[in-house]
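This report refers to the structure that appears directly beneath it.
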Amino acid sequence: MNQPKIIGPVPDWEEHEKPSMPGSPASLDHSFPMRIAYACVAVLIGLTGGLGAGLLAANLPAIAGQLGLTSVEATWLPAIYVMVSVTANLLVYKFRQQYGIRLFAELGLGLYAAVTLLHLFVEGFEMALVVRGVSGFVSAATSTLAVLYMLQAFPKAKLGAGLVVGLSIAQFATPLAWVLSPSLMDAGDWRALYVFEGGMALCALAAVVILKLPLGLRIQVLERLDFLTFALVAPGVGLLAAVLAQGLNGWWTDSPWLAWALIASLLLLTAAGILEYHRKTPLLQVRWLLNVSTLRFIIGALMMRFLLSEQTYGAVGLLRSLGMGPDQLQPLYAVMLIGMVCGMAVSALTFGDKTVILQILVSVVLIAIGGWLDHDSSSLSRPHDFYLSQFLLSFASAMFMGPLLMVGVSQALKHGADHMITFMVLFAITQSLGGLLGPALLGTMQAQRTQTYVQSISAHLNAGDPAVVQRLGMQQGALAGVLPDSRLRAAQGAAQLGQIVRREASVRAFNDVFGVISMLALAFLAWSLYRVRRAAVAARAAAPAPTAS
């Protein structure tokens with residue numbers, strides 16, 4: 001196998017300063033003030049990559065209303081972010097190996113700031129899609145860049161802790177966006193959010209230009225067939241993300257385009273797989289992806305992200321269905337942010353080869369406990385009732401990310417450094433599509449269970465029941481000053497009773513979702529313990545027997 005061509009002069013590094021692999025910066029010894037500066041830039045870059053999507057999620061109904069978007073158009077905005085973010089990871093790794101991550105980040109952040117500020121003058125659905133797409137493109141670089149900057153802030157002996165901290169920064173963006181959004185919206189309409197988003201991008205661009213990463217080793221790795229693979233995989237993954245994002249809105253069996261999009265996605269991904277399987281220097285290591293150990297990692301990574309949908313869809317979805325908005329949810333997200341910081345701190349302080357698996361198992365246990373705590377909610381539940389469960393889930397979400405990444409990296413590097421791009425794409429896909437898969441499947445379950453409970457509750461409502469008669473009488477009495485016609489009051493009272501039935505049925509359905517997540521977490525924990533036990537037995541069997549003295 002030919003060695004890749006080195007681009008540019010190679011600096012005269014000391015042995016301990018050499019980059020771990022092409023595309024990564026050198027590991028130089030920095031002064032303490034410089035380490036602090038690198039850490040601050042890492043935080044700024046990591047938050048910039050995720051704050052835009054977080055602000056959009058927190059204020060999507062308000063933004064859609066002010067821009068005149070339909071509900072279907074509004075759901076395309078977060079979907080396009082995920083679609084572009086996942087596919088951009090295909091080229092980020094090789095681009096940084098050949099041109100350097102700094103150039104990619106500078107171009108991306110500059111474009112991001114430009115289109116975000118341009119959206120202030122050019123309104124409309126199409127421009128909003130462009131902004132979200134560019135935001136997703138930039139997030140693929142900023143997440144990696146934040147980790148690389150944070151690693152410069154840690155001594156070489158503590159790089160594992162630096163990895164955990166760097167990975168966690170992007171996760172902080174979502175709860176931080178919910179904490180900040182009420183104040184931003186009070187300052188103006190949707191434009192205030194975009195001004196803030198564009199300003200963050202400009203600040204991050206300035207920081208990257210002023211405080212540059214140390215030079216690394218650049219090599220010639222991009223090939224023409226890489227772009228053909230990208231042209232097949234990008235729309236394939238994008239269509240799959242679109243199906244998961246829009247399945248609930250159009251309902252799975254009522255929108256033929258969902259089926260055609262899924263078929264096209266499978267055909268494109270299959271074609272890409274066949275192409276990569278027969279390449280001498282593939283962009284994606286298809287053979288490694290088909291290994292049993294890799295498939296187990298995919299299942300585990302998807303399951304962890306799916307289980308954490310209890311937070312992003314379950315608890316928050318229930319509260320929003322009960323009328324809670326960003327102002328009411330602000331304290332809850334502050335608790336989530338504290339939970340993530342605590343989870344990151346514990347993971348970083350205890351991170352090591354012997355604790356990686358333990359941290360993942362503890363995360364699963366915390367998710368199971370959080371789901372169980374929420375499964376007895378009612379229509380009277382308010383954000384403060386979810387503080388403990390969401391703190392535990394946030395703690396788990398921050399603690400599992402670093403160990404999960406290390407498990408995957410170790411598996412990829414066993415087969416060679418050329419498998420890293422495949423792993424990075426795999427990791428991004430499992431986390432991004434897992435984040436869409438959870439709400440899609442759990443939302444489908446919740447909708448179906450809601451209909452079941454509506455029918456069950458309605459069947460027990462007897463017009464001759466004194467309690468029902470009293471409730472209708474109270475509602476009609478409350479409307480007496482507004483509707484003088486008794487027939488209209490009776491109809492409106494019955495409609496309000498139907499709304500109450502629907503609300504109670506929805507809460508029961510969400511409780512079923514919490515119960516399912518808790519049981520799945522316990523099942524996943526049992527499977528994980530079984531795999532750990534088997535690995536321990538295999539390791540003891542492979543160990544050399546002690547020699548007799």
Using θ = phi - 60° and Karplus 6.51 cos²θ - 1.76 cosθ + 1.60, couplings along the range 203-209 (whole Hz; Gly, Pro as x):
5, 5, 4, 4, 5, 5, 6
Leading residue at positive end of dipole, the range 11-106 (Cβ point charges), from Gly49, Val72, Met21
Val72
Once Lys and Arg are counted +1 and Asp and Glu -1 for all other residues with Cβ under 15 Å from that of Leu225, the total becomes 0
Cleavage-rule hits, trypsin sites (Lys or Arg not before Pro), the range 259-310, DSSP coil, Cβ neighbours within 10 Å at most 11:
Lys280
Order of 112-118, 270-276 by packing, highest average Cβ count within 10 Å first?
112-118, 270-276
Of the peptides 29-36, 182-189, how do they stack up when ordered by the mean number of other Cβ atoms within 10 Å, highest first?
182-189, 29-36
Taking the Cα atoms only, what angle lies between the long axis of helix 466-478 and the longest principal axis of the chain, rounded to 10 degrees?
90 degrees
How large is the charge dipole for the range 249-334, taken about the Cα centre, if only the Cβ atoms of Lys, Arg (+1) and Asp, Glu (-1) carry charge, to the nearest 20 debye?
460 debye
In Å², what does the accessible area per residue of the range 210-285 work out to with a 1.4 Å probe?
54 Å²
Rounded to the nearest 10 Å², what accessible area does Trp527 show when all protein chains are kept and the probe is 1.4 Å?
90 Å²
If unit charges are put on Cβ atoms (+1 for Lys and Arg, -1 for Asp and Glu) and the dipole of the range 1-132 is taken about its Cα centre, the option from Tyr112, Pro33, Gln97 lying farthest towards the positive end turns out to be Gln97
Report the number of Lys pairs in the chain whose alpha-carbons are under 24 Å apart, with separation of 8 or more residues or on distinct chains.
20
Provide the per residue accessible area, probe 1.4 Å, for the range 330-435, rounded to a whole number of square angstrom.
39 Å²
Binning at 10 Å from 0, report for the chain what percent of all alpha-carbon pair distances ends up in each bin.
3, 16, 26, 26, 16, 7, 4, 2, 0, 0, 0
Charges on Cβ only, +1 for Lys and Arg, -1 for Asp and Glu, centred on the Cα centroid of the chain; of Pro11, Leu159, Tyr277, which one is farthest towards the dipole's positive end?
Tyr277
Hey, got the dipole for the chain? About the Cα centre, +1 on K and R Cβ, -1 on D and E Cβ, debye to the nearest 20?
1160 debye
Peptides 421-434, 164-177, 220-233: what's the order by average Cβ count within 10 Å, highest mean first?
164-177, 421-434, 220-233
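The values are calculated or read from the model by the stated rules, or taken from the named source; none is laboratory data. Source: prediction; values computed, not measured. Positions of Cβ are generated from backbone atoms using ideal geometry, with glycine treated the same way; all protein chains shown enter the neighbour counts. Areas reflect the complete protein model, heavy atoms only, side chains present, ligands, DNA and RNA absent. Shrake-Rupley method; radii C 1.70, N 1.55, O 1.52, S 1.80 Å.
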